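Visitor: I'd like to ask some things about the structure below.
Please treat every number below as a calculation from the coordinates, not as lab data. Being a predicted model, the structure only gives us computed values, none of them experimental. Positions of Cβ are generated from backbone atoms using ideal geometry, with glycine treated the same way; all protein chains shown enter the neighbour counts.
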Amino acid sequence: MSLKDKVQEAMKVAMKSKDKVTLGTLKQLKAKIQLAETAQGKGTVLTTEEELKLLTKEAKQRRDSADIYKESGRTDLLDIELGELAVIETYLPKQLSEEEVEAQVKELIAQVGATSPKDMGKVMGAAGKKFAGVADMKVVSAKVKQALT
């Protein structure tokens with residue numbers, strides 16, 4: 001079942017249960033999916049990788065907004081962003097813990113053969129593919145930097 005179908009089914013459930021936050025978030029997701037499909041041409045369906053990229057981008061936007069609202073002391077808007085983030089995260093794969101990321105980063109550094117901070121670009125290129133959708137790239141970058149220094 002495609003992401004679009006999953007979102008459509010979840011929208012029906014949210015409408016019946018009158019869950020406004022979930023419904024609003026799902027409507028936004030559906031619109032983003034349709035925009036991405038029409039940007040590619042008529043009748044195009046997103047691949048699983050493209051769906052994952054779209055969800056990751058949406059989740060990152062919510063996290064960034066939540067951080068800004070937290071710093072500004074806007075708890076009303078912070079709650080909205082965190083609610084939307086929780087809905088989006090239900091469609092993302094399970095996120096890796098920091099310990100799991102650290103262990104996999106060490107393996108990746110060994111595979112790539114990186115030895116110094118100069119090799120960070122090489123490691124991050126491989127890490128972008130390996131951790132797509134399953135880890136926050138800020139955490140991955142910090143772990144790579146820590147391991148290389």
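Visitor: Taking springs between alpha-carbon atoms closer than 10 angstrom, which of 39, 126, 59 fluctuates most in the Gaussian network model of the chain?
Guide: Fluctuation is largest for 39.
Visitor: Then there's this: Rounded to the nearest 500, what is the chain's calculated 222 nm mean residue ellipticity when only DSSP H runs of at least 4 contribute -39500 (n - 2.57) each, over all residues?
Guide: For the chain, the value works out to -25500 deg cm²/dmol.
Visitor: Here's a follow-up. For the chain, which longest stretch is free of loop sites, where a loop site is one of the trypsin sites (Lys or Arg not before Pro) that DSSP puts outside H, G, I, E and B and that has at most 16 other Cβ atoms within 10 Å?
Guide: Within the chain, the longest run free of exposed trypsin sites (Lys or Arg not before Pro) spans 95-149.
Visitor: Remind me, relative contact order of the stretch 98-148 in percent, using alpha carbon pairs under 8 angstrom and six or more residues apart?
Guide: 50 percent
Visitor: Residue by residue through the stretch 75-85, which ³J(HN,Hα) values in whole Hz follow from phi under the Karplus form 6.51 cos²θ - 1.76 cosθ + 1.60 (θ = phi - 60°), with glycine and proline marked x?
Guide: My calculation for the stretch 75-85 gives 5, 5, 6, 4, 4, 5, 4, 5, x, 5, 4 Hz in order.
Visitor: Still on this structure, please answer the following. Note down the Stokes-Einstein diffusion coefficient of the chain in µm²/s, whole number, using a Kirkwood radius over alpha carbon pairs, 20 °C, and 1.002 mPa s.
Guide: In µm²/s, the coefficient rounds to 124.
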